[in-house]
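Working notes for the structure below.
The values are calculated or read from the model by the stated rules, or taken from the named source; none is laboratory data. Note that the structure is predicted; figures quoted are calculated from it, not measured. With ideal geometry, Cβ positions are generated from the backbone for all residues, glycine too; neighbour counts draw on all protein chains shown. Remember, those area values only see protein heavy atoms, side chains included, never the ligands or the DNA or RNA. Shrake-Rupley method; radii C 1.70, N 1.55, O 1.52, S 1.80 Å.
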Amino acid sequence: MPRDTPDVPTEYTTPTGESRLALVRRARKMYRELSELYPDAHAELNFTTPLELLVATILSAQCTDKRVNQVTPALFARYPDAEAYASAGREELEEMIRSTGFFRAKANSLVGLGQALCERHGGEVPGNLNDLVKLPGVGRKTANVLLGNAFDVPGITVDTHFGRLVRRFGWTDEQDPVKVEHAVGELFPRKDWTMLSHRVVWHGRRVCHARRPACGACPLARWCPSFGEGPTDPRAAEKLLRMRSFA
């Protein structure tokens, strides 16, 4: 895993052609701006316990957070603990999560998750990466979401928004999520990783969209090597802004 304060050898050349030291400085300036833009950034999945966040994150695959949040209140009430998922009736569970898509595979993951938690961890969600990634339906991205938001263990969550933006920002040119996680982690102190993930994702949902980023209205424009991928006219760009997230 990346160190808390990485070495920054000046001879290293980044994909943008700047030195490693220049990249670190530019990335941290961009993060300071993101911190001012989104001081209250947070996970947009609703939860009250680690298990609820784990279940919600599994359901969010190929589904919007908004839709998951519509489904989970009834789901959490019906299945309050790992034992309830372990013994869930498949037909009822599938029906409750049907609208999130891929409901059969997700139901398999939730039942398997409940069984694994009961068999290996006394029904409790473990608070470390190695144990989490061994659970059904839990990959590294899901584990980092859980660790950062339920256990206050810093982690970088590389979803589609995060990967797209950090490549646009020129922070890395890696495509593999694990390599992206490590490359970006080396640019920032470990304590910043969780909030960095939230703030980059919020910016991706509100300003730096996949198809038409609002370049002309983006406060990060002066540091962004991809400026111009979207409209640069401020008035045209402002029309693309989403002040609320639609996930």
Sparse-neighbour loop sites [chymotrypsin sites (Phe, Trp or Tyr not before Pro); the stretch 186-247; at most 15 other C-beta within 10 Å; DSSP]:
Phe246
Mind checking the dipole of the chain: about its Cα centre, +1 per Lys or Arg Cβ, -1 per Asp or Glu Cβ, Debye to the nearest 20?
940 debye
For the stretch 45-90, which whole percent of the accessible surface, found with a 1.4 angstrom probe, sits on carbon and sulfur atoms?
49 percent
Could you please report the charge total around Asp131, scoring K, R as +1 and D, E as -1 over all other residues with beta-carbon less than 12 angstrom from its beta-carbon?
+1
Per residue of the chain, what 222 nm ellipticity follows from adding -39500 (n - 2.57) for every DSSP H run with n ≥ 4, rounded to the nearest 500?
-15000 deg cm²/dmol
Between Thr64 and Trp223, Cβ-based FRET efficiency (R0 51 Å, step 0.05) works out to 0.95
In terms of the charge dipole of the chain, which places +1 on Lys and Arg and -1 on Asp and Glu at the beta carbon, the residue among Cys208, Leu132, Val24 farthest towards the positive end is Cys208
Percent relative contact order of the stretch 113-211, based on C-alpha pairs within less than 8 angstrom and at least six residues apart?
21 percent
State the answer as a single residue: which of Pro219, Pro189, Cys118 lies farthest towards the positive end of the charge dipole of the stretch 95-247, with beta carbon charges of +1 for Lys and Arg and -1 for Asp and Glu, about the Cα centre.
Pro219
Note down the magnitude of the dipole of the stretch 78-125 about its Cα centre, charges +1 on Lys and Arg C-beta and -1 on Asp and Glu C-beta and zero elsewhere, to the nearest 20 debye.
220 debye
Are any of the pairs Lys66/Lys106; Lys179/Lys239; Lys141/Lys239 more than 29 Å apart by Cα-Cα distance, and if so, which?
Lys179/Lys239; Lys141/Lys239
How large is the accessible surface per residue of the stretch 59-147, computed with a 1.4 Å probe and reported in Å² as a whole number?
49 Å²
